[in-house]
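Structure record follows, encoded as structure tokens.
The values are calculated or read from the model by the stated rules, or taken from the named source; none is laboratory data. Here the structure is a predicted model, which means the values were calculated and not measured. Note: ideal-geometry Cβ built from the backbone for every residue, glycine included; neighbour counts use all protein chains shown. Accessible surface is based on the protein model in full, side chains and every heavy atom, while ligands, DNA and RNA are left aside. Shrake-Rupley method; radii C 1.70, N 1.55, O 1.52, S 1.80 Å.
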Amino acid sequence: EDKTVFFEFLRLEGSEKEVVYWAAPQGEQPTPFTLEKVEGHRASFYNKGHDYPQWIIYELAGATLKARIEGVENGHPKSSEWTWHRL
């Protein structure tokens, strides 16, 4: 049975100084993550003060988009990954 179990609104804002990724999981207040690195087709966003995650990472490989969140939660390293394929 298909049903929505999770959703997230996101927004990218850019200026001459920085790019900010605004994440709003489950419709919560948006949290900013600043673009820290771009390497090839990989972009990494960081928010040191956020509880979890501290990093949001996207990587494009052909028709595949990979997303990863990582950081420390309750003193322990934690991460999750998702992969989408273009049809």
For a quick check of your reading of the model, give me the residue pairs whose first member lies in region 24-37 and is touching a residue at least 40 places away in the same chain (Cβ under 8 Å), whose second is surrounded by 12 or more Cβ atoms within 10 Å (Cβ to Cβ) and assigned to a loop (DSSP other than H, G, I, E, B), with beta-carbon atoms closer than 8 Å and at least 6 apart or on different chains.
none
In this structure, is GLU18 touching a Pro at 6+ places or on another chain (Cβ under 9 Å) and modelled with pLDDT of 95 or more?
no
Residues in region 41-57 that are more than 14 Å from TYR21 (Cβ to Cβ) and open to solvent by less than 70 Å² (accessible area, probe 1.4 Å): how many?
1
LEU60 vs (1) in a loop (DSSP other than H, G, I, E, B); (2) open to solvent by 50 Å² or more (accessible area, probe 1.4 Å): all pass except (1)
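Tell me, yes or no, whether region 13-29 has at least one residue that is β-branched (Val, Ile, Thr), open to solvent by less than 70 Å² (accessible area, probe 1.4 Å) and within 23 Å of PRO77 (Cα to Cα).
Residues of region 13-29 that are β-branched (Val, Ile, Thr), as a first pass: 19-20.
Filter once more, keeping what is open to solvent by less than 70 Å² (accessible area, probe 1.4 Å): 19-20.
From what is left, the residues that are within 23 Å of PRO77 (Cα to Cα) are none.
Checking region 13-29: not a single residue is β-branched (Val, Ile, Thr), open to solvent by less than 70 Å² (accessible area, probe 1.4 Å) and within 23 Å of PRO77 (Cα to Cα).
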Can you find a residue in region 69-76 that is within 24 Å of VAL5 (Cβ to Cβ) and among the charged types (D, E, K, R)?
yes
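Residues in region 63-72 that are surrounded by 13 or more Cβ atoms within 10 Å (Cβ to Cβ) and either touching a residue at least 24 places away in the same chain (Cβ under 8 Å) or at negative phi (or both): how many?
Of region 63-72, the ones surrounded by 13 or more Cβ atoms within 10 Å (Cβ to Cβ) are 65-71.
Cutting the leftovers down to either touching a residue at least 24 places away in the same chain (Cβ under 8 Å) or at negative phi (or both) gives us 65-70.
Count: 6.
Would you mind stating whether GLU81 is over 11 Å from the mean Cα position of the chain (by Cα), open to solvent by 90 Å² or more (accessible area, probe 1.4 Å) and not basic (Lys, Arg)?
no
Among the candidates VAL5, VAL38, single out the residue that is exposed (fewer than 11 other Cβ atoms within 10 Å of the Cβ), among the β-branched types (Val, Ile, Thr) and part of a strand (DSSP E or B).
VAL38
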Could you tell me which of the residues GLY49, GLY71 is assigned to a strand (DSSP E or B), out of contact with any Asp or Glu (no Cβ under 7 Å at 6 or more places or on another chain) and not aliphatic (A, V, I, L, M)?
GLY71
